[in-house]
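Worksheet: one structure, shown below.
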Amino acid sequence: MTARAGEPFALDRALRDVDGLLAADIPARGPTTSEDDPVRGEWSVTRGEGFVLVPLWESASLVGVYAPEWNKAEETAHGHLAALAGALDRRWGAHRPVGMRVPLFRRIAGEPMPPFFEALCARDLLGDLAVWGPLPAGSGRRDRWLAVSVNQSDGDAPFVLAAAVTDHPLVELEDG
């Protein structure tokens with residue numbers, strides 16, 4: 001569960017959250033840490049070397065939900081991602097996909113990977129990424145790369161729309 005549980009999706013709020021994420025400080029070094037919302041006790045942000053990761057929206061729980069209601073929930077989640085990606089495409093041009101297949105297999109095999117992909121896997125954020133960048137950060141900061149994705153850790157878990165910003169290029173990991 002995330003700190004966004006129970007909140008309806010609002011594109012304007014998601015865009016404001018993305019803007020805030022792009023303007024936020026990104027840790028240059030240090031371990032990956034996650035923070036929970038102090039009131040709700042649910043995940044609100046993960047920070048690590050060169051990245052920040054946040055939830056933007058979470059669906060209702062899908063425990064005991066089956067087709068066609070489950071299919072509708074999946075369609076809604078992917079619709080929210082499409083709406084957000086469309087708005088961001090209008091700002092910065094077409095996004096490019098970065099697959100999560102290799103990080104998933106590396107996670108299963110216990111193989112090392114960059115901290116950003118480790119953090120995504122630790123949060124079960126395994127949906128392919130829509131990536132924009134480099135985006136100018138201004139004020140002497142390094143350029144930024146933005147990624148958004150929709151995810152579900154298992155059939156009963158809620159869908160989670162998440163966003164991340166990095167200070168280094170986001171590229172697909174190679175098999176290996």
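Nothing in this text is a laboratory measurement; each read-out follows from the coordinates by a stated rule. Every value quoted in this text rests on a predicted model; they were computed, and no experiment measured them. Here Cβ is always computed from backbone atoms with ideal geometry, including for glycine, and neighbour counts include all displayed protein chains.
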Report task. Could you size up the charge dipole of the chain around its Cα centre, putting +1 on the beta carbon of Lys and Arg and -1 on that of Asp and Glu, and report it in debye to the nearest 20? Result -> 500 debye
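Just subtract the alpha-carbon distance of Glu111 and Ser34 from 0.36 nm times their residue separation and send over the number in nm, one decimal. Don't skip to the answer; put the middle values down first.
Working: separation 77, 0.36 × 77 = 27.72 nm, distance 2.14 nm.
Result: 25.6 nm gained on full extension.
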Query raised in the report: Quick one: length gained pulling Ala82 to Asp25 fully straight, 0.36 nm per residue minus the C-alpha distance?
Result: 17.8 nm
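Specify whether the C-alpha gyration tensor of the chain places it in the rounded, prolate or oblate class, a ≥ b ≥ c being the square roots of the eigenvalues: rounded for a/c under 1.5, otherwise prolate if a/b is larger than b/c and oblate if not.
Numbers: a/c = 1.44, a/b = 1.25, b/c = 1.15.
In terms of gyration-tensor shape, rounded.
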Query - Calculated [θ] (222 nm, deg cm²/dmol) that DSSP helices of n ≥ 4 give over the chain, each run adding -39,500 (n - 2.57) - result: -10000 deg cm²/dmol
Requested in this report: Please turn the phi angles of the stretch 6-19 into ³J(HN,Hα) values with the Karplus equation 6.51 cos²θ - 1.76 cosθ + 1.60 (θ = phi - 60°), one per residue in order, whole Hz, x for glycine and proline.
Outcome: x, 8, x, 6, 9, 4, 4, 5, 4, 5, 5, 5, 4, 4
